[in-house]
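The values are calculated or read from the model by the stated rules, or taken from the named source; none is laboratory data. Owing to the predicted nature of the structure, the values given are computational and were not obtained by experimental measurement. Cβ placement follows ideal geometry from the backbone for every residue including glycine, while neighbour counts extend to all protein chains displayed. The protein model used for the area step is the full one, side chains on, heavy atoms only, and it has no ligands, DNA or RNA in it. Shrake-Rupley method; radii C 1.70, N 1.55, O 1.52, S 1.80 Å.
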Amino acid sequence: MLEQLLIFTRGGLILWTCKELGNALKGSPIDTLIRSCLLEERSGAASYNYDAPGASYTLKWTFHNELGLVFVAVYQRILHLLYVDDLLALVRREFSEIYDPKRTVYNDFDETFRQLRMEAEARAEELKKSKQMVKPVNNSKKQGQAQKAGFDKGNKKREGSSAAGGGDDNDEGKGRKLENGHSNGNIFEIDEPRMTAAVNGKENTSSNFSAFDVSKLQKRTKGGKKTDTVVNKGSKVDPKKKVTKKNRVWDDAPPETKLDFTDPVDGNGNEKIEVVPASQGESMMDVEEIISSDSEGEEDDNVQKDSKPEATKKGWFSSMFQSIAGKANLEKGDLEPALKALKDRLMTKNVAEEIAEKLCESVAASLEGKKLASFTRVSSTVQAAMEEALVRILTPRRSIDILRDVHAAKEQRKPYVVVFVGVNGVGKSTNLAKVAYWLLQHDVSVMMAACDTFRSGAVEQLRTHARRLQIPIFEKGYEKDPAIVAKEAIQEATRNGSDVVLVDTAGRMQDNEPLMRALSKLIYLNNPDLVLFVGEALVGNDAVDQLSKFNQKLADLSTSSTPRLIDGILLTKFDTIDDKVGAALSMVYISGAPVMFVGCGQSYTDLKKLNVKSIVKTLLK
């Protein structure tokens, strides 16, 4: 049964709802659809599933882009209503005829909707009956014929094999089957030339089987001792003498300088660790990035190149007339060439193929049926719509001002807890130290928590960063429960009055269930203020797999009814990708979490904010 049908404008004004249905929806499926699907450029999807306590809904929708209207139908997911798509198309057609922008009440549409609904239900019922009448008759005949033919063939094969083989052959077949060691129920014949080649093992290298040479093995075993004794005789090394390589000294050369900086111990045996003061340099987080306008001319050139094939197909006069007069309504066929060029361009910038496809579908859904303005090309219209969509996706929907949240937590006399998660080798510990350096510059007291108790050297790495930055670190060594270590670290920070606790965790692949279960336990037990996913800017399609599975595992393995998922993204190695910036778009699109930090170097100051306009220009360049 249909739960609700709603008509509203793109501005959010509700024009009509079905009073006849009048069912009170559980939760807020319409708001969630707008927030999570329509505003996130996922409108190219066929449907949207919404789960609420005690109900599961499926939502379907359609647009009238020229009038700016949205039509949404809601029904119980278990019902699988066949007439919803047909009903939405009929309602769209009828309502667009009576729509007036100055009018806000459409009570007279109730009777029209009742007739349209009955028509759609009757059409779906007829289609269902016709399928039931046609399919069983043909299938039963075909199945009967196929079964008879199969039985006949099987009987003939069995008779032929028994008549041709005889009793002696069957006995031989059994013996051969044992010799081979395996059987598929048929009689096998042993290929004698191949067997002899395997026994002799001298030459037969051209055979299909890679035969094992027994005689060579015997030679090796006999002569092995001699070669060993020769090696032992020749290699007389005095264990007392330590062989060291001496540097070559040239004439008039300057005195030697120490080039090995790996030993941090001085003559007295004390560790020498360079202290990095917070005033070493300003973090790039606090520096405004200036965007150059050099790429605008290149964008115009690309638009003209994309529009050339379209112009040659339609002819000079028709394309000129169309650009002056304007096209009546944009159709899917008009948009396909420009969308295909845009999809290819996004994929060359390292956007995942699945994301590029969905974006193009969403842009097509938003433009189909719109009237093309005068003196504008289809390619430029599509590019403008894509640019608007990309800006909307990459712009954070909530505040990402961590400093404000830190001060709010400080007023409540509790530390602000940030957990860094991600796969192996993406730079979690290094970028944790960059975030700590940035917080120190803003007079925020920081404590590190070494909760990577899995990887060898992880605690020592974090300890080195803590000593260089002169901040406290909480550690318990290795092979400990990271959730308990994090809990004790937060308690220690509360006692010491630290403002922020930065929790380092072990790198883990998204398919490693034991480590993902441990991470889910850490997040559930400590309830951090921010869960940061640290990901590489180098990944392409794998970004979708990493983030979606991380979120899925955190949701599935959590014991809470409302599990915590990823809140933000820290993008690393951004200085190594040139213009391949598509990973940022893929990660934000698949998770809905904003990019809060961008790592762009190896020093503590190399941390900056994501510049949305710069990313969008690079993607469309």
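Across segment 91-105, the qualifying residues are those that are of a type in the set (D, E, K, R) and in a loop (DSSP other than H, G, I, E, B), and the one among them that is most open to solvent (accessible area, probe 1.4 Å) is K102. When segment 515-524 is filtered for residues that are open to solvent by 10 Å² or more (accessible area, probe 1.4 Å) and under 10 Å from P482 (Cβ atoms), the ones remaining, listed by number, are L515, A518, K521. Specify the residue that is farthest from G535 (Cα to Cα); the eligible residues are those in segment 566-621 that are among the small types (G, A, S) and not in a loop (DSSP other than H, G, I, E, B). The selected residue is S614. Collect the residues in segment 344-356 that are assigned to a helix (DSSP H, G or I) and crowded, with 18+ Cβ neighbours inside 10 Å, keeping them in residue-number order. Answer for segment 344-356, where residues must be assigned to a helix (DSSP H, G or I) and crowded, with 18+ Cβ neighbours inside 10 Å: R345, L346, I355, A356. Here T505 passes the criteria (1) in contact with a Cys (Cβ under 7 Å, 6 or more places away or on another chain); (2) hydroxyl-bearing (S, T, Y); (3) open to solvent by 10 Å² or more (accessible area, probe 1.4 Å) except the one numbered (3). Can you tell me which residue within segment 512-552, out of those that are within 26 Å of G599 (Cα to Cα) and charged (D, E, K, R), is modelled with the highest pLDDT? Within segment 512-552, the match that is modelled with the highest pLDDT is D529. In segment 16-30, of all residues being of a type in the set (A, V, I, L, M, F, W, C) and part of a loop (DSSP other than H, G, I, E, B), the one that is most open to solvent (accessible area, probe 1.4 Å) corresponds to A24. Does segment 425-434 contain at least one residue that is farther than 18 Å from Q602 by Cα, open to solvent by 10 Å² or more (accessible area, probe 1.4 Å) and at pLDDT below 95? No, segment 425-434 contains no residue that is farther than 18 Å from Q602 by Cα, open to solvent by 10 Å² or more (accessible area, probe 1.4 Å) and at pLDDT below 95. When L13 is tested against (1) surrounded by fewer than 19 Cβ atoms within 10 Å (Cβ to Cβ); (2) modelled with pLDDT under 85; (3) not small (G, A, S), exactly one condition is not met: (2). Within segment 1-20, residues that are in the same structural domain as I34 (by the TED database) and under 25 Å from L81 (Cα atoms) sit with their Cβ atoms under 7 Å from residues that are of a type in the set (D, E) and open to solvent by 10 Å² or more (accessible area, probe 1.4 Å), at 6+ positions apart or across chains, in these pairs: K19/D110; E20/D110. For S548, indicate whether it is in a helix (DSSP H, G or I) and assigned by the TED database to the domain that holds A518. Criteria met by S548. K476 meets all of the listed conditions (1) within 30 Å of G507 (Cα to Cα); (2) out of contact with any helix residue (DSSP H, G or I) (no Cβ under 8 Å at 6 or more places or on another chain); (3) basic (K, R) but one, namely (2). Residue count for segment 415-459 satisfying the condition of being free of Cβ contacts under 8 Å to residues at least 40 places away in the same chain and under 27 Å from L538 (Cα atoms): 3. Checked against the criterion of being among the aromatic types (F, W, Y), closer than 27 Å to D511 by Cα and part of a loop (DSSP other than H, G, I, E, B), segment 409-423 contains not a single residue that satisfies it. Taking segment 553-575 as the range and being open to solvent by less than 40 Å² (accessible area, probe 1.4 Å) and either charged (D, E, K, R) or outside the structural domain of G425 (by the TED database) (or both) as the test, only D567 passes. Among the candidates E479, E460, the residue that is part of a helix (DSSP H, G or I) and open to solvent by 50 Å² or more (accessible area, probe 1.4 Å) is uniquely E460.
Checking each residue in segment 375-394 for being open to solvent by 60 Å² or more (accessible area, probe 1.4 Å) and in a loop (DSSP other than H, G, I, E, B) picks out F375, R377. Residues in segment 59-77 that are within 24 Å of E368 (Cα to Cα) and out of contact with any Gly (no Cβ under 8 Å at 6 or more places or on another chain): L59, K60, W61, T62, L67, L69, V70, F71, V72, A73, V74. The residues of segment 536-579 that are farther than 21 Å from T430 by Cα, of a type in the set (S, T, Y) and touching a residue at least 40 places away in the same chain (Cβ under 8 Å) amount to a single one, S548. Only one entry in L59, L79, L88, L33 is open to solvent by 10 Å² or more (accessible area, probe 1.4 Å), aliphatic (A, V, I, L, M) and either part of a strand (DSSP E or B) or not assigned by the TED database to the domain that holds A364 (or both), namely L79.
For (1) under 22 Å from S456 (Cβ atoms); (2) outside the structural domain of A543 (by the TED database); (3) in contact with a strand residue (DSSP E or B) (Cβ under 8 Å, 6 or more places away or on another chain), each residue gets a yes or a no:
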{"site": "P472", "(1), (2), (3)": "no, no, yes"}
{"site": "Y478", "(1), (2), (3)": "yes, no, no"}
{"site": "P482", "(1), (2), (3)": "yes, no, no"}
{"site": "A486", "(1), (2), (3)": "yes, no, yes"}
{"site": "T494", "(1), (2), (3)": "no, no, no"}
{"site": "S498", "(1), (2), (3)": "no, no, yes"}
{"site": "V503", "(1), (2), (3)": "yes, no, yes"}
{"site": "A506", "(1), (2), (3)": "yes, no, no"}
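Scanning segment 357-374 for residues that are part of a helix (DSSP H, G or I) and touching a residue at least 40 places away in the same chain (Cβ under 8 Å) turns up K358, L359, C360, E361, S362, V363, A364, A365, S366, L367. Do we find that S43 is open to solvent by 40 Å² or more (accessible area, probe 1.4 Å), modelled with pLDDT under 85 and within 32 Å of the chain's Cα centre (by Cα) in this structure? It is false that S43 is open to solvent by 40 Å² or more (accessible area, probe 1.4 Å), modelled with pLDDT under 85 and within 32 Å of the chain's Cα centre (by Cα).
Report yes if D511 is of a type in the set (D, E), part of a loop (DSSP other than H, G, I, E, B), touching a residue at least 12 places away in the same chain (Cβ under 8 Å) and surrounded by fewer than 21 Cβ atoms within 10 Å (Cβ to Cβ), otherwise no. Against the criterion (of a type in the set (D, E), part of a loop (DSSP other than H, G, I, E, B), touching a residue at least 12 places away in the same chain (Cβ under 8 Å) and surrounded by fewer than 21 Cβ atoms within 10 Å (Cβ to Cβ)), D511 qualifies.
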